[in-house]
Amino acid sequence: MKAYDVAIRGAGIVGQSLALSLARLGLQVALRPDPARAAGADDVRAYALNASSVALLRGLKVWDALPPQAATPVYDMQVQGDTPGSRLEFSAWEQRVGELAWIADAAVLERELAAAVRFAPHITLTNDEVQAPLTALCEGKASATRAALGVNFEQHDYGHRAIAARLTTTLPHQGVARQWFGAPDVLALLPFDAPQPEASYALVWSLPEARAHELLALDAAAFEQALMQATEGAAGELKLATERASWPLMHAQADAWCGSGWVLLGDAAHVVHPLAGQGLNLGLADVVALTQVIEARETWRSLGDEKLLRRYVRERLAPTWAMGQVTDGLLRLFSHEAPGLRELRNRGLSLVNHLSPLKRWLTARALDA
Ligand SMILES: Cc1cc2nc3c(=O)[nH]c(=O)nc-3n(C[C@H](O)[C@H](O)[C@H](O)COP(=O)(O)OP(=O)(O)OC[C@H]3O[C@@H](n4cnc5c(N)ncnc54)[C@H](O)[C@@H]3O)c2cc1C
């Protein structure tokens, strides 16, 4: 029987990236895909990826293999509060970076990773029960192996659902990501170049469950009308280019991220609201941190040594917790109808807009999860 150094369960973007990263260290990796799921099948989402995530994917030779229309740079971001004139704007130029983020096609990215995994010399795809010194759990938020280990996943369900779809529009997107904070909706239009070059968006619209189901039940024309109302036509005439899909939203964190011989990464360890587009960025930052810890380990230390794995957890816990608090706090702030709070949060947006150092700090946090 083949000897493996690491067994990875879950071949989503985090699991596949980890397999490629560890294989590059010369480790023998067994990657267990979910037999029930085809890679990225029908995922209509596009992910906002920060510079660190792009650097990781580039290093794995995946980023530059993406077709050009599968990744679109974001040069500006406009955040609109729920009173006229309350607005926060970020620009790559003002922040002195090439771009604020990239919007990447989720399905294409997952497929490109799957192709790289198939050709990687040290990775074996297998559904067998594999024994290895370290098992990395990348099974996503509903990880069954995490539950079998008895790890508590502290979960706060928002009672909200995110609707995602691809849209085309009549105005060029000009690399501008747009977000509307209503109370309690959050609507994001991420600039995208497919199906219509320079005139498409990826939609992420978070709403209370009941309202989300109402919108999902509408026919395409009525849904497009609701979109036009919510965006007041600012992004042009929006048309659905794909089916709509939806996800329930939560904030969650495992109360243990590692033990002797096992470790959690990505959504299996933590889930944040997608309003800041940071969930996958956090998961890919986990991959970078664990790879570095493993690469720097003492030669005598086993890969499954809990002391070693705790170094990874120490590095990742604080930034993940902070991002969870920011997204959770923003959502709570914008989900209250009280007039005083409404005034305060909208003034807050405009105030931040005029404070360059704070904006630069916020951008730096978002660029490097
Ligand atoms: C609407 C929406 C928009 C989002 N937008 C963004 C964004 O713009 N930017 C961003 O950074 N993040 C975003 N996210 C978050 C992002 O989707 C997740 O953080 C990311 O997909 C987590 O990746 P993962 O590989 O950890 O988990 P998953 O993507 O859930 O992958 C887990 C994999 O493990 C498999 N699996 C499960 N159980 C087993 C098992 N027992 N054995 C084998 N395989 C198993 C699953 O089938 C799946 O393939 C968004 C989320 C939502 C809901």
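The values are calculated or read from the model by the stated rules, or taken from the named source; none is laboratory data. Please read these numbers as outputs of a predicted model, since none were measured by experiment. Glycine gets a Cβ as well: all are built from the backbone with ideal geometry, and neighbour counts include every protein chain shown.
Restricting attention to segment 92-123, report how many residues are within 16 Å of the ligand (Cβ to nearest atom) and touching a helix residue (DSSP H, G or I) at 6+ places or on another chain (Cβ under 7 Å).
Residues that pass the stated criteria total 14.
Restricting attention to strands (runs of 3 or more DSSP E) lying wholly within segment 1-113, give those where 2 or more residues are in contact (Cβ under 8 Å) with a residue 40 or more places away in the chain and surrounded by 24 or more Cβ atoms within 10 Å (Cβ to Cβ).
6-9, 29-32, 46-49, 101-105
Would you point out which residue out of 199, 194, 221 is touching a Gly at 6+ places or on another chain (Cβ under 8 Å), away from the ligand (no atom under 15 Å from the Cβ) and of a type outside the set (D, E, K, R)?
Of the residues listed, the single one that is touching a Gly at 6+ places or on another chain (Cβ under 8 Å), away from the ligand (no atom under 15 Å from the Cβ) and of a type outside the set (D, E, K, R) is 199.
Quick check on segment 238-264: of everything there that is among the aromatic types (Phe, Trp, Tyr) and assigned to a strand (DSSP E or B), which residue is farthest from residue 189 (Cα to Cα)?
That would be 262.
Among the listed residues 83, 126, 169, which satisfies the condition of being more than 22 Å from the chain's Cα centre (by Cα) and within 13 Å of the ligand (Cβ to nearest atom)?
Among 83, 126, 169, only 126 is more than 22 Å from the chain's Cα centre (by Cα) and within 13 Å of the ligand (Cβ to nearest atom).
Select from segment 145-164 the residues that are more than 11 Å from the ligand (Cβ to nearest atom) and either aliphatic (A, V, I, L, M) or within 29 Å of residue 302 (Cβ to Cβ) (or both) and list them in ascending order.
149, 150, 151, 152, 153
Hey, does segment 23-40 have a residue that's within 12 Å of the ligand (Cβ to nearest atom), modelled with pLDDT under 95 and under 17 Å from the mean Cα position of the chain (by Cα)?
yes
Would you confirm, using the coordinates I've provided, whether residue 49 is over 16 Å from residue 289 (Cβ atoms) and either near the ligand (Cβ under 8 Å from one of its atoms) or modelled with pLDDT of 95 or more (or both)?
In short, yes.
All but one of (1) surrounded by 14 or more Cβ atoms within 10 Å (Cβ to Cβ); (2) within 11 Å of the ligand (Cβ to nearest atom); (3) under 20 Å from the mean Cα position of the chain (by Cα) hold for residue 142; state the number of the condition that does not hold.
(1)
Would you check if there is a residue in segment 292-300 being part of a helix (DSSP H, G or I) and buried (at least 17 other Cβ atoms within 10 Å of the Cβ)?
yes
So which residues in segment 1-22 are in contact with a Leu (Cβ under 9 Å, 6 or more places away or on another chain) and more than 7 Å from the ligand (Cβ to nearest atom)?
4, 5, 6, 7, 8, 16, 17, 18, 19, 20, 21, 22, listed by residue number.
Is there any pair with a first residue in segment 272-285 that is within 6 Å of the ligand (Cβ to nearest atom) and a second that is β-branched (Val, Ile, Thr) and part of a loop (DSSP other than H, G, I, E, B) whose Cβ atoms are under 6 Å apart and which are 6 or more apart or on different chains, and what are they?
Every condition considered, the pairs that remain are 278/272; 279/272.
Table: residues versus (1) crowded, with 17+ Cβ neighbours inside 10 Å; (2) touching a strand residue (DSSP E or B) at 6+ places or on another chain (Cβ under 7 Å); (3) among the aromatic types (Phe, Trp, Tyr); (4) at negative phi.
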| position | (1), (2), (3), (4) |
| --- | --- |
| 221 | no, no, no, yes |
| 227 | yes, no, no, yes |
| 233 | no, no, no, no |
| 246 | yes, yes, no, yes |
| 249 | yes, yes, no, yes |
| 257 | yes, yes, yes, yes |
| 264 | yes, yes, no, yes |
| 270 | yes, yes, no, yes |
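Sort out which residues of segment 165-175 are buried (at least 19 other Cβ atoms within 10 Å of the Cβ) and either hydrophobic (A, V, I, L, M, F, W, C) or modelled with pLDDT under 95 (or both), and write them in order of number.
Of everything in segment 165-175, those that are buried (at least 19 other Cβ atoms within 10 Å of the Cβ) and either hydrophobic (A, V, I, L, M, F, W, C) or modelled with pLDDT under 95 (or both) turn out to be 165, 167.
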